[in-house]
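Structure record follows, encoded as structure tokens.
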Amino acid sequence: MLDLNWNISNEGRAWSGEEARSRYELAPEKIEMIQGKLFWTDEERITMLALLLENVGADRAVQLGNSEVWRNAVAKLDNERNKQ
């Protein structure tokens with residue numbers, strides 16, 4: 001994944017100025033489906049997900065799907081960080 005400082009917050013936000021242009025340039029050129037997945041690589045998928053999360057925010061994202069899945073993912077992340 002690109003080593004960027006993503007600014008994903010609870011509330012989504014619009015980009016402006018130079019940030020808007022630089023974020024736009026990160027997006028894959030076009031949306032394609034390859035073997036049932038969008039985009040060619042996991043790096044492209046993660047980049048697109050991060051771009052969308054900056055726009056819509058975490059509060060909206062966690063409303064998608066089962067909340068227990070989100071809790072489990074955060075718990076795994078916390079456990080991994082505590083091991084370091």
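Take the Cα of W40, step 7 Å toward its Cβ, do the same at W70, and the gap between the two points is 3.3 nm.
Between L77 and S9, the distance separating the two model label sites (each 7 Å from Cα on the Cα→Cβ line) works out to 1.7 nm. This model, with +1 at the C-beta of Lys and Arg and -1 at the C-beta of Asp and Glu, gives segment 17-82 a dipole about its Cα centre of some 220 debye. Phi-derived couplings, Karplus 6.51 cos²θ - 1.76 cosθ + 1.60 at θ = phi - 60°, listed residue by residue for segment 68-84: 5, 4, 5, 4, 5, 5, 5, 4, 4, 4, 4, 4, 5, 5, 5, 6, 7 Hz, with x used for Gly and Pro.
Where the centre of each part is set by its Cα atoms, how far does segment 13-30 sit from segment 40-84, in angstrom? A separation of 20 Å, based on Cα centres. Take the Cβ atoms of V62 and E29, set R0 to 22 Å, and the FRET efficiency comes out at 0.15. Across segment 36-42, coupling constants 3J(HN,Hα) worked out from phi with the 6.51/-1.76/1.60 Karplus curve, θ = phi - 60°, read x, 10, 6, 6, 7, 10, 4 Hz, and Gly and Pro carry x.
Taken over the chain, the percentage of Cα pairs per 5 Å bin, counting from 0 up to the bin with the maximum distance, is 3, 12, 17, 20, 22, 15, 8, 2.
Where a number appears in this text, it was derived from the coordinates with a stated rule and is not lab data. Because the structure is predicted, anything quoted here is derived from the model rather than measured. A quick note on method: Cβ atoms are made from the backbone with ideal geometry, for glycine too, and the neighbour counts reach across all protein chains shown.
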